[in-house]
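Quick note: the coordinates plus some simple rules give every number you see, no bench work behind them. Keep in mind the model is a prediction, meaning the values are calculated, not measured. Methodologically, a virtual Cβ is constructed for each residue, glycine included, from the backbone with ideal geometry; neighbour enumeration extends over all protein chains shown.
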Amino acid sequence: MVEFKLVISDPKAKKAYQVELKSPDADRLIGKKIGEIIKGELINLAGFEFKITGGSDKQGFPMRADVHGTKRVRILLGNGPGIKVKRKGERKRKSIRGNQIADDIAQINLKVVKEGSKRLGIVLGKETEESSKEEQKQEEKR
């Protein structure tokens, strides 16, 4: 049984929402790669479009867009996801996961590319229409 945690970030609302996705809905994401745009219907959010921005496997190793496949590999890194450089020119050999989603991925990071008819927080049931209207008023004041 495949199970993913989806972390969906909404750039307009400047919020991130966490959703759990289980089989058979989760099976539709297997084989997708970082950078692909998926329709919201795949994850039961009709009207939305999402871009896959990353993720991590069950042991916590991050996915990386420039490593092809689904396997975990040890590569020499100088920057980017999976490494924090402390000195200029420093490189480290780190274990990271490839850019393709497999059944041993635990978390998938998504970004909203196209919004649906309602705001994402309302569709997910994380906020009400009244609270979203109050947030919009506060944003207009800024």
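Details
- Residues in the stretch 84-98 that are surrounded by fewer than 20 Cβ atoms within 10 Å (Cβ to Cβ) and touching a residue at least 12 places away in the same chain (Cβ under 8 Å): 6 in all.
- Test: residue in the stretch 99-108 that is buried (at least 18 other Cβ atoms within 10 Å of the Cβ) and closer than 20 Å to Leu124 by Cα: yes
- The residues in the stretch 44-81 that are touching a residue at least 40 places away in the same chain (Cβ under 8 Å) and among the aliphatic types (A, V, I, L, M) can be counted, and the count is 4.
- All positions within the stretch 38-66 that are among the hydrophobic types (A, V, I, L, M, F, W, C), crowded, with 20+ Cβ neighbours inside 10 Å and touching a Gly at 6+ places or on another chain (Cβ under 8 Å): Leu45, Phe48, Phe50, Ile52, Met63
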